[in-house]
Amino acid sequence: MTGGPLHLDDDALAACVSCGLCLPHCPTYRVTGREIASPRGRITAMREVEWHDAPVDASFRAAMEECVGCRGCEAACPSGVPFGSLMEHTRAALGPPPSWRRRVAEFVAYVVVLPRHRLLLACTWFVALAARLRLVPRRFGLGRISRRPLDVAVGGEPDAWLFTGCVMDAWLRDTHRAAADVMRATGARIARPGPGGDCCGALHLHAGREAEARRLAARALAAMPGTAPIVVDSAGCGAWLAEHSPRVRDFAQWCVEVGVPPLRATGTTVVVQDPCHLRHVQKAHGAVRELLAGAYSCAETGDDGLCCGAGGAYSALQPGLSGAIRDRKVAALREAAGSAPLVVASANPGCMMHLRGAGVDARHPAELIAAALAGPARTDERTDDR
Ligand code: SF4
Ligand code: SF4
């Protein structure tokens, strides 16, 4: 650990040899071409603050806040620079944002609402109504919310837990419904966590609120006791929870390990979009393809898994950059689909909603697999109004 204001690991900071091999994998560098918007530029700025007493000023804060946190650079780095950890610690050391409006908004979001599930659900109805009245920009991809409760037992001693989370349970409950259908079709007895097992803190971590994130992750895991696997259908939540428990499995990973019943060949081509936390952190993106291949033809983008620009609250806080990154992604998805209608498989709720905000038909692998379960053709139960 250095004695500098960011409290970064000296060896981690020194590991970067400035080779630039990470630059093509950085979405903010790709859309801006600015060195300070690249991983190398951000590491240089961290060194200046940590080792050479440079001020933690507005430009430094902006450089750190413009990072999507995708960790594409970390996966590409031949020197093993742990960029994700450097950025998490830097954001934690930056402390609250200077704007009092943003401080209040973050306090309400992260401290008051997200950890209290009933309050989150109530706020969700309010925001959904505002979206229906066109008071929320369409770029956020907010659809209708499901009124039906999720038909999965709470607690007990299941064969597998389905982690339902906070925002995802509020906005994408039909995705959980599809995941539960597929999990039950394997013969597994499933359950979801009881009180305290909702918010895992992944969004808090992304916002630099590391201590709260750790507390919430411990609380969520305590609500799913025993040895049964914890199945997570949100790549961002799964990546964070997997840091705390070896029982955590991404939905597709678990399905491939357990084996799903025979699927109907749909004749549909889906373009696979790899959420960064599935590809770069959990490294479970291969399982998505393996699972989908039972019913779909999978097409690949030519951008080597570049981020879509969703990134926690990034699309709200950095709308310009986020939109530019998404434009690149959508172009790559359309190119991969060719003349076929564009259907995208995305295993992360944030990416799904972000892509839907650009008019893309993005679906979770659980929805795609549930629709392909053999037997009578299923009615599409999604209730969003895209
Ligand atoms: S982070 Fe890694 S890939 Fe990027 S410039 Fe430094 S050493 Fe090279
Ligand atoms: S985490 Fe993503 S956005 Fe941030 S520097 Fe690395 S590649 Fe760029």
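Read-outs throughout are calculated quantities, based only on the coordinates presented, and are distinct from any laboratory measurement. Remember, it's a predicted structure, so these values are computed and weren't measured experimentally. With ideal geometry, Cβ positions are generated from the backbone for all residues, glycine too; neighbour counts draw on all protein chains shown.
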* Cα-based Kirkwood hydrodynamic radius, segment 190-231, one decimal, Å -> 10.6 Å
* Fully extended contour minus Cα-Cα distance, from A62 to V127, at 0.36 nm per residue -> 20.6 nm
* **Three-way shape call for segment 238-296 based on the alpha-carbon gyration tensor, with the a/c threshold at 1.5** => oblate
* Structure fact -> Note to self: Kirkwood Rh of segment 194-335, Cα pairs, one decimal, Å, is 16.6 Å
* Asked: When the Debye formula is applied to the Cα atoms of segment 83-190, each taken as the same point scatterer, what base-10 log of I(q)/I(0) results at q = 0.12, 0.13, 0.20 Å⁻¹?
  -> -0.63, -0.71, -1.11
* **Gaussian network model of the chain, springs between alpha carbon atoms under 10 Å - residue of W171, W161, W100 with greatest fluctuation** => W100
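Could you state the orientation-averaged shadow area of the convex hull built on the Cα atoms of segment 98-257, in nm² to one decimal?
Values: hull surface 39.4 nm².
Projected area, direction-averaged: 9.9 nm².
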* Asked: Taking the Cα-to-Cβ direction at V104 and at D151 and moving 7 Å from each Cα, how far apart do the two end points lie in nm?
  -> 4.5 nm
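Given a Förster distance of 41 angstrom, what is the FRET efficiency for E35 paired with T266, based on the Cβ-Cβ distance and rounded to 0.05?
Values: r = 46 Å, r/R0 = 1.11.
According to the calculation, E is roughly 0.35.
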* **Extent along principal axes [Cα atoms of segment 133-203; Å; largest to smallest]** => 43, 26, 18
* **Ratio Rg/Rh [Cα only; Rh per Kirkwood] for segment 44-87** => 1.00
* Label points 7 Å out from Cα along the Cβ direction at R116 and S85: separation in nm? -> 3.6 nm
* Could you check how many percent of all C-alpha pairs in segment 207-268 are farther apart than 17 Å? => 49 percent
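Please work out whether segment 44-123 counts as rounded, prolate or oblate from its C-alpha gyration tensor, where a ≥ b ≥ c are the square roots of the eigenvalues and a/c under 1.5 means rounded, while otherwise a/b larger than b/c means prolate and anything else oblate? Present the calculation step by step, with values, prior to reporting the outcome.
Details: a/c = 3.22, a/b = 1.58, b/c = 2.04.
The shape class here is oblate.
For segment 267-324, report the translational diffusion coefficient in µm²/s to the nearest whole number, using Stokes-Einstein at 4 °C, 1.567 mPa s, and a Kirkwood Rh over Cα pairs. Please list the in-between numbers first.
On the way: Rh = 12.8 Å.
In µm²/s, the coefficient rounds to 101.
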* Structure fact -> Sparse-neighbourhood loop hits (trypsin sites (Lys or Arg not before Pro), segment 146-185; DSSP loop; Cβ within 10 Å at most 11 others) -> R147
* Structure fact -> Output for segment 163-223 (equivalent-ellipsoid semi-axes, sqrt of 5λ from the C-alpha gyration tensor, Å, descending) is 25, 13, 8
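Counting DSSP beta bridges in the chain, what percent are antiparallel, to the nearest 5?
Within the chain, antiparallel bridges account for around 5 percent of the total.
Taking N as the number of residues in the chain, what is its Cα Rg relative to 2.2 N^0.38 Å?
On the way: Rg = 20.4 Å, N = 386, 2.2 N^0.38 = 21.2 Å.
Compactness ratio reported: 0.97.
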